[in-house]
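Chemist: The structure that follows is given in the form of structure tokens.
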Amino acid sequence: MMEERSNLMHMMKLSIKVLLQSALSLGRSLDADHAPLQQFFVVMEHCLKHGLKVKKSFIGQNKSFFGPLELVEKLCPEASDIATSVRNLPELKTAVGRGRAWLYLALMQKTLADYLKVLVDNKHLLSEFYEPEALMMQEEGVVIVGLLVGLNVLDANLCLKGEDLDSQVGVIDFSLYLKDVQDPDGGREHERITDVLDQKNYVEELNRHLSCTVGDLQTKIDGLEKMNSKLQEELSAATDRICSLQEEQQQLREQNELIRERSEKSVEITKQDTRVELETYKQTRQGLDEMYSDVWKQLKEEEKVRRELEKELELQIGMKTEMEIAMKLLEKDTHEKQDTLVALRQQLEEVKAINLQMFHKAQNAESSLQQKNEAIASFEGKTNQVLSTMKQMEERLQHSERARQGAEERSHKLQQELGGRVSALQLQLSQLHEQCSSLEKELKSEKEQRQALQQELQHEKDTSSLLRTELQQVQGLKK
């Protein structure tokens with residue numbers, strides 16, 4: 001992934017360089033047929049597709065870079081004009097075509113670098129569409145955005161009408177970027193080395209694309225061989241079927257001759273019968289004409305009823321699709337609520353662990369207080385001993401009194417410090433208890449909301465089942 005990012009960044013540098021050089025030679029005005037401009041869009045599309053996540057749906061897998069570009073409309077309100085104009089183009093039927101049209105319009109408005117900078121700055125939103133090692137999620141994306149600022153000096157006149165953006169094949173033409181390493185003017189040596197390295201990276205990227213195409217062609221060849229074997233089996237079965245049909249045809253011809261002889265005899269008899277039936281037919285035809293007119297009127301009325309039923313069926317189908325979309329949204333909301341509940345439970349466990357740590361610290365503080373009290377008691381015993389010896393030695397009495405006063409001051413200071421620490425720990429414990437109570441209240445509210453959502457989901461399922469039964473009744477009426 002790192003080599004792919006570096007190769008794409010080098011290709012973007014060279015494509016922008018070649019585009020600016022060609023634009024300066026042509027007067028900075030470009031159209032859609034300009035080859036370096038087309039290659040720039042191809043390289044830009046490869047950069048946006050790098051590391052793109054595959055989204056699975058009911059139709060199949062979807063991998064398009066138009067999804068991240070739609071985020072610009074939410075982050076920048078001024079980009080809504082581009083998004084609406086892209087959606088209103090009737091010739092665009094795929095997400096890839098809409099993404100290419102979006103890039104065309106952003107380049108014409110000279111805001112491509114600004115919009116991509118907004119996307120790169122909001123990487124927490126891009127993580128929904130890209131892998132963590134994608135180019136847009138790494139530092140190379142910021143570098144490419146900086147390179148795109150230089151394209152604001154260009155004037156691009158691109159016409160989207162008549163362009164087949166859906167079926168274009170994004171293949172990089174490396175012939176525009178491969179250069180001769182030897183400089184006839186005798187340029188600097190490090191510039192030659194950088195050109196050689198760029199060419200090496202492009203050749204590696206070309207080799208990678210070719211290997212991908214070779215793999216695709218190999219899979220296509222295997223599929224064609226399988227189809228060829230199936231067609232040969234079907235051909236052999238068809239030849240056997242043709243032989244059996246020819247035999248049946250010969251038998252039918254013989255039977256046809258017998259039937260023809262019998263029919264010639266029966267035709268003479270039927271001619272006489274038809275004359276009699278013709279006279280009766282003329283008499284009954286008048287009544288049949290009247291019946292035909294009545295049946296024609298009934299047919300027109302039934303057609304009107306059928307059209308009305310078709311309109312009602314379309315309305316029911318639209319309501320069904322809306323209900324399915326609402327069901328999906330509700331399921332998504334329930335999943336999000338479940339994730340938040342799991343996160344809150346983890347936070348509650350962390351708070352409990354902190355409470356246990358604080359409780360252990362309080363116990364340690366109490367044990368230290370007991371030790372200090374024992375030390376004070378020992379000091380008092382020593383002072384009693386000093387008082388007993390004070391009568392014998394007056395000089396030692398003064399020294400012992402000073403030591404006793406210092407010990408008492410130290411013990412008093414220790415008691416004050418320990419009292420302050422214990423009060424601070426009690427305050428922290430009270431705060432943690434309050435946080436626990438607030439978290440329990442939030443968990444209760446989340447459970448109530450979850451139950452309400454489950455009830456609404458059950459109600460929506462009941463309504464969808466009723467709509468399905470009504471749809472089946474409408475289909476029965478249509479038949």
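The values are calculated or read from the model by the stated rules, or taken from the named source; none is laboratory data. The structure presented is a predicted model; accordingly, all values stated were derived computationally and were not measured. Positions of Cβ are backbone-derived with ideal geometry, glycine not excepted, and every protein chain shown enters the neighbour counts. Remember, those area values only see protein heavy atoms, side chains included, never the ligands or the DNA or RNA. Shrake-Rupley method; radii C 1.70, N 1.55, O 1.52, S 1.80 Å.
Chemist: Give the peptides 11-19, 121-129, 302-310 in descending order of average Cβ contacts within 10 Å, highest first.
Modeler: 11-19, 121-129, 302-310
Chemist: How would the stretch 417-479 be classified by its alpha-carbon gyration tensor: rounded, prolate or oblate, with rounded meaning a/c under 1.5 and the a/b versus b/c comparison settling the rest?
Modeler: It comes out prolate by the Cα gyration axes.
Chemist: Ok, one more. Straight-line reach from Lys17: which lysines have Cα under 21 Å away, leaving out those fewer than 8 places along the same chain?
Modeler: Those lysines meeting the cut-off are Lys110, Lys117, Lys179, Lys200.
Chemist: Given Cα pairs under 8 Å that are at least 6 residues apart, what percent is the relative contact order of the stretch 1-148?
Modeler: Relative contact order comes out at 29 percent.
Chemist: Related question: What order do you get for 72-79, 221-228 when each peptide is scored by the mean count of other beta carbon atoms within 10 Å, highest first?
Modeler: So the peptides 72-79, 221-228, ranked by packing, come out 72-79, 221-228.
Chemist: Highest mean first, what order results for 262-275, 357-370 on Cβ atoms within 10 Å?
Modeler: Peptide ranking by packing, descending: 357-370, 262-275.
Chemist: Carbon and sulfur together cover what percent of the accessible area of the stretch 222-269 at a 1.4 Å probe radius?
Modeler: 53 percent
Chemist: Specify the inter-centroid distance of the stretch 261-292 and the stretch 403-470, based on alpha-carbon positions, in whole Å.
Modeler: With the stretch 261-292 and the stretch 403-470 each reduced to a Cα centre, they are spaced 99 Å.
Chemist: What lysines could a cross-link reach from Lys478, if we take a straight Cα to Cα line under 16 Å and drop same-chain neighbours fewer than 8 places away?
Modeler: Lys300, Lys304, Lys311
Chemist: Using 19 Å as the Cα-Cα cut-off, could you pick out the over-long pairs in Lys337/Lys441; Lys53/Lys320; Lys53/Lys123; Lys352/Lys441?
Modeler: Over 19 Å Cα-Cα: Lys53/Lys320.
Chemist: Something else now. Relative contact order, percent, of the chain when contacts are C-alpha pairs under 8 Å separated by at least 6 residues?
Modeler: 14 percent
Chemist: Plugging the Kirkwood radius over Cα pairs into Stokes-Einstein for the chain, at a temperature of 25 °C and a viscosity of 0.890 mPa s, what D comes out in µm²/s?
Modeler: After rounding, the answer is 72 µm²/s.
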